[in-house]
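The structure appears below as structure tokens.
Any read-out appearing in this document is the output of simple, stated calculations on the displayed coordinates, not a laboratory observation. Everything numeric in this text was worked out from a predicted model, so none of it was measured. Cβ atoms come from the backbone with ideal geometry, glycine included; neighbour counts cover every protein chain shown.
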Amino acid sequence: MSQQVFLEEFETPKHAEEHAALKEISLKLHRANVALILMGATETDSEQKQLVRVASTHLLSGVNTLVSILSLTEKLSLKVKEAIALSRVFYETSLVAAFTCVGGPALARRAELYSVYKAFRNQTQVQQAGGFVFRISNGARLSRKDPQVVAALKEFGGSSGIRPCFKERRSDMLEQVTAFDTRAGLLFGGVEGMIHDVSSEIIHGSHHGYALFSSLHNGKREMVENLSAHHEMVLFAVSLSVAGLSRVLGGTFDFGEVMGDLETSCISTLMPYVPEDMAAQLRTLYPE
């Protein structure tokens, strides 16, 4: 009897191609972020520099998430379930990055101040559980007199209850991104419809979140087909999110050629999965 828990893993040519495509997208996104950081280093306007800094931080966060997704999906297994949940993390990171860029320096400043605000407000936490009250305090503490803390409390308020970074819902963010760039809104909206409900079931631990993979109880062929279909969803969610984000970044910064190439690469990755009549229309927008 095995002395460790393991998940059965499978390999198929289709999965290998999809995994390689995800690796390529991750690498190109990382390179685009390096270019963005270098551009920010030469920026002289302080507000624009802050916007670049916040945008590049989101991209770095997204790349980190992609590395985790790639690790989980190196082979087909039930780990793809967690990869779907991370695909939602990646989508929301990309959407917030796009929304912040559309909002400009004011939202970038709010994002940075929120990080200070959250760190300050969470220095001491009190939690009641099982009839006990737990008090957790950080060792290194921020002073209320720190200029950044003063600015953060002025922005978010110092009364009880943690305020959100942005009051806008995802639907509001999508609406503003769409107003900035219609195609970017379409790309992000496609991911919203594809991944969010499914990932919610998985993230919140519902029975249905596992039942989505119920063919695991059937034969090997059905098992592989089920896992492959879910991995395909991961590929679509990542590719469309990157394509949407690249359009906003290209429109926000003097960065159109780099981001245009990234967008085209993402769409080209999905072409083999698109019905021929739709593929013909896409080729008019993304000529090879």
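Hydrophobic, long helices, defined as DSSP H runs whose alpha-carbon span along the helix axis is 20 Å or greater and whose mean Kyte-Doolittle value is at least -1.0, occur in the chain at 13-41, 46-72, 80-103, 105-121, 182-203, 220-252, 256-270. Since only Val89, Thr65, Ser143 are under comparison, the one whose Cα sits farthest along the positive direction of the charge dipole of the range 42-157, derived from C-beta charges on Lys, Arg, Asp and Glu, is Ser143. Just check the range 49-121 against the gyration tensor rule for me: Cα atoms, a ≥ b ≥ c as the square roots of the eigenvalues, rounded for a/c under 1.5, and otherwise prolate or oblate depending on whether a/b exceeds b/c. In terms of gyration-tensor shape, prolate.
In terms of the Cα gyration tensor, with a ≥ b ≥ c the square roots of its eigenvalues, is the range 237-288 rounded because a/c is under 1.5, prolate because a/b exceeds b/c, or oblate?
Details: a/c = 2.77, a/b = 1.86, b/c = 1.49.
Because a/c hits 1.5 or more and a/b exceeds b/c, the range 237-288 counts as prolate.
Measuring nothing but how far apart in sequence close Cα pairs (under 8 Å, 6+ apart) lie, relative to its length, the chain scores a relative contact order of 22 percent. Sequence gap at least 6, Cα distance under 8 Å: using those rules, report the relative contact order of the range 146-262 to the nearest whole percent. Answer for the range 146-262 is 23 percent.
Please list 5-13, 77-85 highest first by mean number of surrounding beta-carbon atoms within 10 Å per residue. Spell out each step's value before the answer.
On the way: 5-13: 10.6, 77-85: 20.1.
Peptide ranking by packing, descending: 77-85, 5-13.
With both labels modelled 7 Å from their Cα along Cα-to-Cβ, the Thr44 to Asn64 distance reads 3.4 nm.
Using unit Cβ charges (K, R positive; D, E negative) and no other charged atoms, how large, in debye to the nearest 20, is the dipole of the chain about its Cα centre? Present the calculation step by step, with values, prior to reporting the outcome.
On the way: 28 positive and 32 negative charges, 318 e Å.
The dipole magnitude comes to about 1520 debye.
The calculated 222 nm mean residue ellipticity attributable to helices in the chain amounts to -24000 deg cm²/dmol, summing -39500 (n - 2.57) over DSSP H runs of n ≥ 4 and dividing by all residues.
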